[in-house]
Amino acid sequence: MGKRIIQQARGHGSHTYRVRRKAFSVKAQYPRKISGEFVVVKLIASAGHSAPIAKLKNLEHNNKEQVIFFNVAAKNLYEGQKIQINGHENGDISMIGDLKNGTKVFNIENAPGDGGKLIKTGGNSGIIVTKTGDLVSVLMPSKKEKKFDVRCRATMGEAAGQGRLEKPILKAGKQYFIKKAKSKLWPRTSALKMNAIDHPFGSGRGKNPKSKIAQRFASPGQKVGLIRPRRTGRKKR
């Protein structure tokens, strides 16, 4: 008897495929309006993030104006360290338009005020390359340049957690819990290895699956392979 393919089961939203809330209870984002001086209250090892998370609290405040937020920790950041908004030291938060070329940054806002969306994984950083008018070019970890508004904020330095991929995962059980914390699909069974009744590519007779490009309005059980690809075929150099 056939069964629903993995896309259908995951899309149903049962507890089996739902991320545990505790893993993402901490959101590493900047508040819309922040200024002054902050102190690192605590460094948190979050299961849903590859880098440690720093809990920040402003120093000069009244009881009504206390601001607490979470940010991706910078390399060599420690508890009790003071962070400046619009500063120019490691771990400080500033608009990328105010920084010099060659400065390393991470947790960059994609649009001014969105709280930080890009370069948040452990050990990664981007480099400010050029500034032309209201746009700043940043060399991303993918070695491609991306342009940002000068008002986009970022944290100076490198994200902490570098070298996490150097230590090998010696047994499958460890990888299982790493993936489960973030509700990632693992292990992934090849469709060709399945029975014909369990997947459109199943049985692998001749290893020649049906059309790899799924129709736009195909049902969840048929939308497999290449989903609305930009291009197909061999890439000619």
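The values are calculated or read from the model by the stated rules, or taken from the named source; none is laboratory data. These numbers were taken from a predicted model, which means no experiment stands behind them. In this analysis, Cβ positions are derived from the backbone assuming ideal geometry, glycine residues included, and neighbour counts consider all displayed protein chains.
Can you tell me how many residues within segment 165-191 are surrounded by 11 or more Cβ atoms within 10 Å (Cβ to Cβ) and part of a helix (DSSP H, G or I)?
Residues meeting the conditions: 8.
Among (1) more than 30 Å from Arg151 (Cβ to Cβ); (2) aliphatic (A, V, I, L, M); (3) crowded, with 16+ Cβ neighbours inside 10 Å; (4) out of contact with any Leu (no Cβ under 9 Å at 6 or more places or on another chain), there is one condition Ala23 misses while meeting the rest; what is its number?
Here Ala23 meets the rest and fails (3).
With respect to Phe148, determine if the residue is part of a strand (DSSP E or B) and at pLDDT 85 or above.
It is true that Phe148 is part of a strand (DSSP E or B) and at pLDDT 85 or above.
With respect to Val105, is the statement that it is of a type in the set (A, V, I, L, M), touching a residue at least 12 places away in the same chain (Cβ under 8 Å) and surrounded by fewer than 18 Cβ atoms within 10 Å (Cβ to Cβ) true?
No; evaluated as a whole, the condition is false for this residue.
Residues that are over 16 Å from the mean Cα position of the chain (by Cα), at least 2 per element: which strands (runs of 3 or more DSSP E) completely within segment 104-144 meet that?
Strands (runs of 3 or more DSSP E) meeting the threshold: 126-132, 135-139.
Which of the residues that make up segment 54-74 are modelled with pLDDT of 85 or more and either of a type in the set (Lys, Arg) or within 15 Å of Gly157 (Cβ to Cβ) (or both)?
Matches in segment 54-74: Ala54, Lys55, Leu56, Lys57, Asn71, Val72, Ala73, Ala74.
Every residue in segment 11-49 that is of a type in the set (Lys, Arg) and at pLDDT below 85, please.
Arg18, Arg20, Arg21, Lys22
Which of the residues belonging to segment 210-237 are out of contact with any Gly (no Cβ under 8 Å at 6 or more places or on another chain), surrounded by 10 or more Cβ atoms within 10 Å (Cβ to Cβ) and over 18 Å from Ala196 (Cα atoms)?
Gln215, Ala218, Leu226, Ile227, Pro229
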